[in-house]
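Asker: Here it is: the structure, laid out below.
The values are calculated or read from the model by the stated rules, or taken from the named source; none is laboratory data. Predicted, not measured: the structure shown is a model, and the values here were computed from it. Cβ placement follows ideal geometry from the backbone for every residue including glycine, while neighbour counts extend to all protein chains displayed.
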Amino acid sequence: MTQTSQETVIGRITSVFGVKGWLKVYSYTDPKEGILEYPHWILDLDGKRIPAKLEEGRRQGQGIVVRLKGIDDRDIARTYCGAEVRVSTAELPELPEGEYYWFQLEGLEVVTADGECLGEVHHLMETGSNDVLVVRATAGSIDQRERLIPYLPDQVVQGVDLAAKCMVVDWDPEF
């Protein structure tokens with residue numbers, strides 16, 4: 001998920017569903033149905049921003065299908081395929097202390113407990129057992145390696161300071 005100004009991506013429109021303008025959406029929220037809790041979407045399609053209002057949606061098999069206001073035709077719906085679904089970060093629920101949205105972690109500088117800079121969080125990946133930080137080298141990092149670091153708070157991740165844009169990890173730089 002990437003962030004633009006005060007918005008974050010919560011999903012992507014993948015294809016049409018049926019003949020009445022419904023769309024299949026790949027949701028980045030957890031649980032997947034969480035995307036249906038946001039009625040005001042901003043669709044980002046090839047750099048064009050399109051405001052959209054969620055009329056209705058539901059789980060359909062392994063995915064989500066939605067109907068957006070004003071879209072009631074399959075051919076019109078097809079023009080929205082590939083759009084990222086964004087919402088204002090102000091609409092996101094506040095998380096408990098010590099929990100973060102992925103977009104908040106992206107861009108943080110990652111340093112070891114000894115103060116060695118490993119790079120910055122480029123993005124996160126979801127794996128079966130835990131999320132993984134993809135840390136890419138920066139001009140100030142100790143080398144030019146990309147690292148995959150498990151996102152395990154209180155084990156590997158020792159601290160997150162959003163104001164300082166820094167994350168401290170207990171991680172061997174040689175690994």
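Asker: Among the residues in the range 76-84, are any farther than 25 Å from PRO39 by Cα, touching a Lys or Arg at 6+ places or on another chain (Cβ under 8 Å) and modelled with pLDDT of 95 or more? So that I can check it myself, show each step before the final result.
Answerer: Of the range 76-84, the ones farther than 25 Å from PRO39 by Cα are none.
No, the range 76-84 has no match at all.
Asker: Of the numbered conditions (1) touching a helix residue (DSSP H, G or I) at 6+ places or on another chain (Cβ under 7 Å); (2) buried (at least 19 other Cβ atoms within 10 Å of the Cβ); (3) aliphatic (A, V, I, L, M), LEU162 fails exactly one; give the number of that condition.
Answerer: (2)
Asker: Scan the range 131-141 and give yes if some residue there is surrounded by fewer than 17 Cβ atoms within 10 Å (Cβ to Cβ), out of contact with any Asp or Glu (no Cβ under 9 Å at 6 or more places or on another chain), aliphatic (A, V, I, L, M) and free of Cβ contacts under 8 Å to residues at least 60 places away in the same chain, otherwise no.
Answerer: Looking for residues that are surrounded by fewer than 17 Cβ atoms within 10 Å (Cβ to Cβ), out of contact with any Asp or Glu (no Cβ under 9 Å at 6 or more places or on another chain), aliphatic (A, V, I, L, M) and free of Cβ contacts under 8 Å to residues at least 60 places away in the same chain, one finds at least one in the range 131-141, hence yes.
Asker: Among the residues of the range 62-85, write down those that are assigned to a loop (DSSP other than H, G, I, E, B) and more than 22 Å from the chain's Cα centre (by Cα).
Answerer: LYS69, GLY70, ILE71, ASP72, ASP73, THR79
Asker: Moving on. For the range 127-175, give me every one of the strands (runs of 3 or more DSSP E) that falls completely inside it and has 3 or more residues that are over 22 Å from TYR28 (Cα atoms).
Answerer: 157-161, 166-169
Asker: Further question on the same structure: For the range 111-126, which residues satisfy the criterion of being closer than 17 Å to PRO173 by Cα and buried (at least 16 other Cβ atoms within 10 Å of the Cβ)?
Answerer: VAL111, THR112, CYS117, LEU118, GLY119, GLU120, VAL121, listed by residue number.
Asker: Can you tell me which residue among LYS48, LYS24 is of a type in the set (D, E, K, R), in contact with a Gly (Cβ under 6 Å, 6 or more places away or on another chain), under 26 Å from LEU124 (Cα atoms) and without any contact (Cβ under 8 Å) to a residue 60 or more places away in the chain? Outline the logic, then answer.
Answerer: Working: LYS48 fails: in contact with a Gly (Cβ under 6 Å, 6 or more places away or on another chain).
That would be LYS24, the only listed residue that is of a type in the set (D, E, K, R), in contact with a Gly (Cβ under 6 Å, 6 or more places away or on another chain), under 26 Å from LEU124 (Cα atoms) and without any contact (Cβ under 8 Å) to a residue 60 or more places away in the chain.
Asker: Assess whether ARG67 counts as being farther than 30 Å from THR138 by Cα, of a type in the set (D, E, K, R) and touching a residue at least 60 places away in the same chain (Cβ under 8 Å).
Answerer: When the stated conditions are applied, ARG67 does not pass them.
Asker: Of the residues that sit in the range 50-68 and are modelled with pLDDT of 95 or more and exposed (fewer than 13 other Cβ atoms within 10 Å of the Cβ), which one is farthest from GLY21 (Cα to Cα)?
Answerer: PRO51
Asker: Quick one: in the range 27-45, which of the residues that are touching a residue at least 12 places away in the same chain (Cβ under 8 Å) and loosely packed, with under 15 Cβ neighbours inside 10 Å is farthest from ALA77 (Cα to Cα)?
Answerer: GLU33
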